[in-house]
Structures are given as structure tokens and as C-alpha cells.
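Participant: Below you will find the structure I want to go over with you.
The values are calculated or read from the model by the stated rules, or taken from the named source; none is laboratory data. No experiment lies behind these values; they were computed from the predicted model shown. With ideal geometry, Cβ positions are generated from the backbone for all residues, glycine too; neighbour counts draw on all protein chains shown. Accessible surface areas use protein heavy atoms only, side chains included; no ligands, DNA or RNA. Shrake-Rupley method; radii C 1.70, N 1.55, O 1.52, S 1.80 Å.
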Amino acid sequence: MAGIDDLEYRVLRNTSEVHEAWPIEAAGYPSDEAASLDGMLYRYHNAPHLFFGAFTSSGSIAGYVMSTQSAPPLVTHDSMGTHDPQGTVVCVHSVCVAPEWQRKGLATRLLKLYVDSIREYNREAEVRITRLALLSHKYLLSLYEGAGFTTVGVSSVEHGSEHWYDCVLDL
């Protein structure tokens, strides 16, 4: 198997790639937390610049980051199902890696390159992104902190059965 340095990192190009990403979402999250295929397609159609993936040389998706824009400074329950093109906060909804690519540093690489892509996006954007925000379970906080995010505290968002923590990265 190739390593993470051999992958191509880029925004998703079409809905076929979203369809390919959905089984990774379904496998990566409990059913009460995973985005539906319709939810993923909504996010892609409304914020394609915020759907970033890692692809093998054969074109299959190894992992992705999926987001929308929002006005509030932290992820809210409403921001999970909407996209505000005037919002200055990118709400990261999913960071998912295919099982065969897990524990190889891909999630961290994806997050760091995603942040770089948002900084690049800001050079030409009409609405500049000022912050990335996400929700994390406690056991994943070190992953996000290792990618540059700061843990703010326990989130008020209830989604699924476990508690969430707010994490942010200011640009």
C-alpha cells in the first residue's frame, strides 16, 4: 500500500466522489452521528470548496474533510444542516478516513492541508474565513489539537449519545 505522501489532496470534483465518500462516513461514525448521503450531497452542492479529500493513484478516496460556512463562532445544531455563504466560520462536520488508511497520520495530514486550502481560498474569496470550528469527542481531542485546533470546552450541541467538545482554529 502507498503511504500518505503518495496521495493526491484536493477538493472533490463531482457527486460521484461524494457517493464514494459516503460509505466511509457510515463506517466512521455511529448511525446517530453519521451524515446521510443526502446531507453530504447538500453540503457538496452548497459548499463544494469545503469538501476536501485524499485520493489514491487509482482515484479512490482514502479520506476527507467536509464542512459548511456559518455565522456563529462555534458549531451549532443548525449549522450542521445549513450553509451560509456569507458566514466567516467554517464548521467542520466530518473528518473521515477509510479503515485501511487509519492510524497512518492521514487525518492529521488532511486537517493541516485543509487549513492551508482555506488560507489559499481566502486570497480570492469575497467573504474571508476567520475561523474553523468543529465538535469532537473527548478521545479525539488530541488529534484536533495536534492539527492546530484549541479545545474551548464542552459544547452545548447534542448530537448522538456522547458529549461533544468545541474546538476552534483561528486564522
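Participant: 7 Å from Cα along Cα→Cβ at both Arg13 and Asn46: what's the point-to-point distance in nm?
Facilitator: Reported label-point gap for Arg13 and Asn46 is 2.7 nm.
Participant: Which entry in [x] 11.8; [y] 9.0; [z] 13.0 is this structure's computed mean projected area of the Cα convex hull in nm²?
Facilitator: [y]
Participant: Moving on. Kindly sort Arg10, Arg109 by accessible area of their heavy atoms, largest first, with the probe set to 1.4 Å.
Facilitator: Values: Arg10 30, Arg109 75 Å².
Highest to lowest solvent-accessible surface, that is Arg109, Arg10.
Participant: Another one. Roughly to the nearest percent, how much of the accessible area of the chain is carbon and sulfur, given a 1.4 Å probe?
Facilitator: Numbers: 4230 of 8510 Å².
Heavy-atom surface of the chain belonging to carbon and sulfur, 1.4 Å probe: 50 percent.
Participant: Ignoring everything except DSSP H segments at least 4 long, calculate the 222 nm mean residue ellipticity for the chain; use -39,500 (n - 2.57) per segment, divide by total residues, nearest 500. Display every interim value, and only then the final one.
Facilitator: Values: 4 runs with 49 residues, N = 171.
Mean residue ellipticity, 222 nm, calculated: -9000 deg cm²/dmol.
Participant: Can you give me the long-range amide H partners of Val11? Hydrogens built in the peptide plane at 1.01 Å from N, cutoff under 5 Å, separation of 5 or more residues or another chain.
Facilitator: Correct list: Gly53.
Participant: Oh, and also: Convert each backbone phi in the stretch 30-45 into a coupling constant with the Karplus relation 6.51 cos²θ - 1.76 cosθ + 1.60 (shift: θ = phi - 60°), then list the ³J(HN,Hα) values in order as whole Hz, x for Gly and Pro.
Facilitator: x, 4, 7, 10, 5, 6, 6, 4, 4, x, 5, 5, 4, 4, 5, 5
Participant: Further question on the same structure: Considering the zone a paramagnetic label at His77 would reach in this model (a point 7 Å from Cα along the Cα-to-Cβ line), which residues of the stretch 127-171 have amide N under 15 Å from it?
Facilitator: Counting backbone N atoms under 15 Å from the label point, the list is 155-164.
Participant: Now a separate question. Normalised by the residues of the chain, what does the relative contact order come to in percent, with Cα pairs under 8 Å and at least six apart?
Facilitator: 19
Participant: Okay, next question. Apply the Karplus curve 6.51 cos²θ - 1.76 cosθ + 1.60, θ = phi - 60°, to the phi angles in the stretch 136-145 and return the couplings in whole Hz, x for Gly and Pro.
Facilitator: 9, 6, 3, 5, 9, 4, 5, 4, 5, 5
Participant: Could you order Asp84, Asp166, Asp6 by accessible surface area, starting with the largest, using a probe radius of 1.4 Å? Working shown, then result.
Facilitator: On the way: Asp84 55, Asp166 10, Asp6 100 Å².
My answer, sorted largest first, is Asp6, Asp84, Asp166.
Participant: Quick check: with the 1.4 Å probe, what order do Thr56, Thr130 take by accessible area, largest first? Could you put the intermediate results ahead of the total?
Facilitator: Details: Thr56 30, Thr130 65 Å².
From most accessible down to least: Thr130, Thr56.
Participant: Keeping every protein chain present and rolling a 1.4 Å probe, give me the accessible area per residue for the stretch 13-123 in Å². Please report the intermediate quantities before stating the final value.
Facilitator: Working: 5020 Å² over 111 residues.
It amounts to 45 Å² per residue over the stretch 13-123.
Participant: Here's another thing I want to ask about it. I'd like the FRET efficiency for Thr151 and Tyr29, computed as 1/(1 + (r/R0)^6) with the beta carbon distance as r and R0 of 22 Å, rounded to 0.05. Don't skip to the end; give the middle numbers.
Facilitator: Values: r = 20 Å, r/R0 = 0.90.
Once the sixth-power term is evaluated, E becomes 0.65.
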